[in-house]
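Structure record follows, encoded as C-alpha cells.
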Amino acid sequence: MGKLDKLKIALLSVASKLGMGAAKAPDEHTEEKEAAREPAPAEKSIRRHAFAVSSIGHSHKKEGTLCQDWAETAEGDGFLIIAVSDGHGSRNFVRSDRGSRFACRAALDAMHDFASEIRAEHIVGSRRANEVVSMLCKNIIMRWRDAVNEDVKACPFTEDEVKNVSDKYRESYLAGEQAEHAYGATLIALLITEEYMLAIRNGDGECVTVSRRGHMDKPIPWNDKCEASVVTSMCDRSAIDEFRFFYTTDLPAAAFIGTDGVDNSYPRTEELFELYANICTEAVDNGAENMKSELEAFLPVMTEKGSGDDVSIAAILDSELLNGVRDELMEQRMRVERTHELRRLNRRLVRLGDQESDEASALKDEIAQLEAAIRADREKARELAAAAEAEKAAAVKAEWDSEIWDDVKKR
C-alpha cells in the first residue's frame, strides 16, 4: 500500500472517530469513479459560480519566459473548490510552471475527497480541527510529490535544461534527487460546501472574502516566514508546518484567491479590496460569466501597469448574497475613490506652494471635506469589522459551549 493510500485511510479514520461511521479504504482509481465525481446538472448550485483566470506577466512576456502561474476550479456534489499557484521564478526552479499546475490539481483532488467525508461539525468548533485540516494538507503535499516523481520518471532532466541551475542542485537533478525543488510553487486553495468554508495557503498571495454583510477581509493568517522575496513553498521539507488555514460556517457572499502578482499590483489593502468589490458589482450587474471574460481581458493590463509578474485570480461568487450587499460594495469603491482624490488634491496643493490664492483656498476646503468623509468611512469600517469579529467570536463560543454540553450529557 502506498503512502497516499495510507494517508487517505488515516483521514477517514479521523472522520470516523469524529462520529462519521466506519472508516472505508479508498477505492482503486477508475474511470467510473472519476465519472461519478461529476454531479448531475440538477445538483449544481445555481446561486454559486466559480471561475479561474490567469495571464502571463508583462515582464515574462518581454523576456520570452513561460507563465509560471496556474489557476483552476472543481465542482462536487454540493461544493465548489478553487486553487491558484505561483511557480517560483529563480533559475533553480526550472519546472515551476509544472509544479504550479500539479499543486492546483493536488489541492482540488484532495479537497474533493475531504468535502465528501468531512462535515462542518468535524472542524468548526472541534478540538480536533487542526488534526483534520493538517491531514488534508499532508494529503495535498503527498499528491503533489507523487505528481512530481511521476513527471521526473516520464521526463528526466537533461543537461541543457539544467545548464543555468546552481551547482548545488544541478547534479542532484540529473541524478533524480531533490527533484521537487525544481517544481517549487506556492498554493492557495479554497473550498465552499453548503455548510462551511475552508481556505488554506502555503506561501504568499492573498485570500479575500466578502461577508454577507458586505465586510471585506483577509481571513488566512499570514506566515511570518514570507518576507520580501523569500516565501514558503510546496517543495520545502517543512511544508506541512508552513500551511496556514481558516474555516467558518458563516458562508461568504464571495471569496477570492490571487497570486502575489495581483497583490503586488495593488500594494494597498484598500486598493485590492476595491478590485474585488468591482468584480462583485460587475458580476451582479452583468453576470458572472461576463465578468470572467472581462477579467481575462483585464489581467494583461493589470500586469503591465502593475507588478509585471504572472497574475491569477480564482473566485466563488454567491449571486443571491452579492445582490444583497451591492450597496455596501459600491460604498467600498467610493471610499477608495475618495482616498485617490484626496491624494490628487494634495499633490495639486503642493505644486501651488505657499502662495495664497482663491485656487489654493478652494483646494484646502475640498481637502478638508474629503478628509472628514474619509474619517467617517474609516469609523464605519471599524464598526463593521468589530461587528464581524463579535459575530465570529459568538459563533465559536456557541459551538464550543455546545460541544462541552454534549460531553457533560455523555457523562
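The values are calculated or read from the model by the stated rules, or taken from the named source; none is laboratory data. Since the structure is predicted, the reported quantities are computational estimates derived from the model, not experimental observations. Here Cβ is always computed from backbone atoms with ideal geometry, including for glycine, and neighbour counts include all displayed protein chains.
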Within the set of pairs 6+ apart or on separate chains, which have a first residue in the stretch 47-59 that is in contact (Cβ under 8 Å) with a residue 24 or more places away in the chain and closer than 15 Å to GLY87 by Cα, a second that is buried (at least 21 other Cβ atoms within 10 Å of the Cβ) and among the aromatic types (Phe, Trp, Tyr), and C-beta atoms under 8 Å apart?
SER54/TRP70
Residues that are in contact with a Ser or Thr (Cβ under 7 Å, 6 or more places away or on another chain) and surrounded by 15 or more Cβ atoms within 10 Å (Cβ to Cβ), drawn from the stretch 217-233
ASP217, PRO219, ASN223, CYS226, VAL231, SER233
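Each row is one residue, and each column tells you yes or no for (1) surrounded by 14 or more Cβ atoms within 10 Å (Cβ to Cβ); (2) assigned to a helix (DSSP H, G or I).
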{"position": "ILE316", "(1), (2)": "yes, no"}
{"position": "LEU321", "(1), (2)": "yes, yes"}
{"position": "MET334", "(1), (2)": "yes, yes"}
{"position": "LEU345", "(1), (2)": "yes, yes"}
{"position": "VAL350", "(1), (2)": "no, yes"}
I'm told GLU32 meets every condition in (1) modelled with pLDDT under 95; (2) surrounded by 16 or more Cβ atoms within 10 Å (Cβ to Cβ); (3) not hydroxyl-bearing (Ser, Thr, Tyr) except one. Can you identify the failing condition by its number?
(2)
Which residue, of ASP146, ASP160, ASP204, is out of contact with any Phe, Trp or Tyr (no Cβ under 6 Å at 6 or more places or on another chain), in a helix (DSSP H, G or I) and not hydrophobic (A, V, I, L, M, F, W, C)?
ASP146
Scan the stretch 82-106 for residues that are under 18 Å from GLU206 (Cβ atoms) and either small (Gly, Ala, Ser) or in a strand (DSSP E or B) (or both) and jot them down.
ILE82, ALA83, VAL84, SER85, ASP86, GLY87, SER100, ALA103
Kindly indicate which of SER265, SER233 is part of a loop (DSSP other than H, G, I, E, B), among the polar types (S, T, N, Q) and in contact with a His (Cβ under 8 Å, 6 or more places away or on another chain).
SER233
Can you find even one residue in the stretch 65-77 that is in a loop (DSSP other than H, G, I, E, B), crowded, with 18+ Cβ neighbours inside 10 Å and over 19 Å from the mean Cα position of the chain (by Cα)?
no
Kindly provide the set of residues from the stretch 220-278 that are β-branched (Val, Ile, Thr) and out of contact with any helix residue (DSSP H, G or I) (no Cβ under 6 Å at 6 or more places or on another chain), ordered by number.
ILE220, VAL230, VAL231, THR248, ILE257, THR259, VAL262, THR269
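Rundown of residues vs (1) at pLDDT below 90; (2) over 30 Å from GLU304 (Cα atoms); (3) under 21 Å from the mean Cα position of the chain (by Cα), yes/no style:
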site: SER59; (1), (2), (3): no, no, no
site: ILE82; (1), (2), (3): no, no, yes
site: SER100; (1), (2), (3): no, no, yes
site: ARG128; (1), (2), (3): yes, yes, no
site: TRP144; (1), (2), (3): no, yes, yes
site: VAL152; (1), (2), (3): no, yes, no
Lone qualifier among GLU171, GLU206, GLU161 - being over 21 Å from LEU66 (Cα atoms), surrounded by fewer than 18 Cβ atoms within 10 Å (Cβ to Cβ) and either outside the structural domain of SER238 (by TED's automatic domain parsing) or among the acidic types (Asp, Glu) (or both):
GLU171
State yes or no: is ASP204 closer than 23 Å to ASP97 by Cα and out of contact with any strand residue (DSSP E or B) (no Cβ under 6 Å at 6 or more places or on another chain)?
yes
Complete set of residues in the stretch 257-275 that are surrounded by 18 or more Cβ atoms within 10 Å (Cβ to Cβ) and free of Cβ contacts under 8 Å to residues at least 60 places away in the same chain:
VAL262, ASP263, SER265, TYR266, LEU275
